[in-house]
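Everything on this sheet refers to the single structure shown next.
Quick note: the coordinates plus some simple rules give every number you see, no bench work behind them. Source: prediction; values computed, not measured. Note that we place each Cβ from the backbone using ideal geometry, even for glycine, and neighbour counts take in every protein chain shown.
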Ligand SMILES: [Zn+2]
């Protein structure tokens with residue numbers, strides 16, 4: 001079964017002027033996918049606008065109305081980093097609706113996996129507030145849609161963006177139906193995402209933050225995924241896997257950047273695909289978040305899609321040693337989650 005690509009020219013109409021989060025991110029990615037022979041192998045999925053009812057699964061109605069009025073009046077700055085233009089409200093509805101369209105296409109059996117090449121991004125957006133280039137929280141809207149409308153009881157969100165998805169964490173912090181797993185820079189915006197933030201009430205243990213140094217490379221990230229994400233997924237058995245796929249950990253990123261390469265993103269993509277195949281009937285949707293090196297972004301997305309289209313052969317592991325500070329970060333996360341996960345009580349902590 002083929003892999004879907006959710007895209008529409010409407011995503012280019014969120015006009016941000018000089019801003020690094022620009023329409024070029026998508027147009028150049030498409031060009032790179034074409035050059036690499038990936039684009040023609042993808043099943044195109046037409047997005048739709050999310051309805052008011054769908055957006056308010058996550059966002060407060062007053063906030064949605066406020067963004068609409070702000071854009072209708074010509075737009076401007078919604079917060080110090082977040083620009084909106086006159087068309088941005090409509091585009092943002094299509095970004096969230098695009099992810100829903102991907103989830104629906106998978107549910108209908110049309111495709112097995114999909115990548116939503118959408119903007120504006122979403123994972124910083126709070127129920128009542130735009131933040132960090134994000135208007136509506138696309139991945140959170142789709143996750144809640146899957147729970148409320150499709151009856152999924154366990155949705156795994158893997159957020160590998162360089163920045164912590166504070167919005168997504170906030171939405172699901174006290175909820176048992178969604179497990180949020182995030183790797184991010186310990187030093188980066190917005191300053192949230194600490195291992196001690198494990199969730200509250202029925203959501204306890206279902207919020208897993210892995211802050212990492214900016215020196216994190218491919219072998220380090222593979223180690224984090226294998227040591228934390230894989231055993232947790234085995235125990236959790238997700239019914240749907242969503243990825244907040246921000247590629248701003250790429251080593252050339254102009255505003256962020258760890259030491260990750262496109263091959264490293266390919267390995268991460270392979271791991272989440274294996275998790276989806278093993279437990280979730282293959283159901284997997286990637287959702288674009290950050291990534292601001294135009295060439296690097298397209299190359300990383302190409303590597304992700306190639307991993308999702310490839311046969312069963314395992315990819316070669318990344319070379320290089322795991323940094324001691326990364327091993328220490330992993331040990332700290334395991335210790336903080338020990339109470340909630342059998343896998344971290346049974347397995348010896350590596351150090
Ligand atoms: Zn980011």
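If you line up the long axis of helix 61-72 against the longest principal axis of the chain, both from Cα atoms, how many degrees apart are they, to the nearest 10? With rounding to tens, the tilt is 50 degrees. With contacts taken as Cα pairs under 8 Å and at least 6 residues apart, the chain reaches a relative contact order of 18 percent.
Using C-alpha pairs under 8 Å with a sequence gap of at least 6, the mean separation divided by the residue count of the stretch 1-68 gives a relative contact order of 41 percent. Rounded, prolate or oblate: which one fits the stretch 202-351, using the alpha carbon gyration tensor with axes a ≥ b ≥ c (rounded when a/c is under 1.5, else prolate when a/b beats b/c, else oblate)? Verdict is oblate for the stretch 202-351.
Estimated from the Cβ-Cβ distance and a Förster radius of 35 angstrom, the FRET efficiency linking residue 79 and residue 310 is about 0.30.
Compared with the dominant Cα axis of the chain, that is its longest principal axis, helix 294-309 is turned about 60°.
Over the chain, dividing the summed -39,500 (n - 2.57) contributions of all DSSP H runs of at least 4 residues by the number of residues returns a 222 nm mean residue ellipticity of -11500 deg cm²/dmol. Using a simple spin-label model with pseudo-atoms 7 Å out from Cα toward Cβ, residue 108 and residue 149 lie 1.2 nm apart.
Is the stretch 23-163 best put as rounded, prolate or oblate by its Cα gyration tensor, with a ≥ b ≥ c the root eigenvalues, rounded for a/c under 1.5, and otherwise prolate when a/b is larger than b/c, oblate when not? Oblate shape, in that a/c is at least 1.5 and b/c is the bigger or equal ratio.
Fewest neighbouring Cβ atoms within 10 Å first, the residues 227, 175, 346, 325 line up as 346, 325, 175, 227.
Considering only beta bridges that DSSP places wholly inside the chain, some 15 percent are antiparallel. Residues 218, 104, 159, ranked from the fewest to the most other C-beta atoms within 10 Å, line up as 104, 218, 159. With respect to the chain, whose longest principal axis is taken over its alpha-carbon atoms, helix 138-148 is tilted by about 80°.
For the pair residue 345 and residue 24, label points projected 7 Å from Cα toward Cβ lie 5.4 nm apart. Taking the number of Cβ atoms within 10 Å of each Cβ as an exposure proxy, the fewest-first ranking of 110, 72 is 72, 110. Going by the alpha-carbon gyration tensor, a ≥ b ≥ c the square roots of its eigenvalues, is the stretch 255-326 rounded (a/c under 1.5) or, if a/c is not under 1.5, prolate (a/b greater than b/c) versus oblate? Cα axes put the stretch 255-326 in the oblate bin. Once you divide the Cα radius of gyration of the chain by 2.2 N^0.38 Å, the number left is 0.90.
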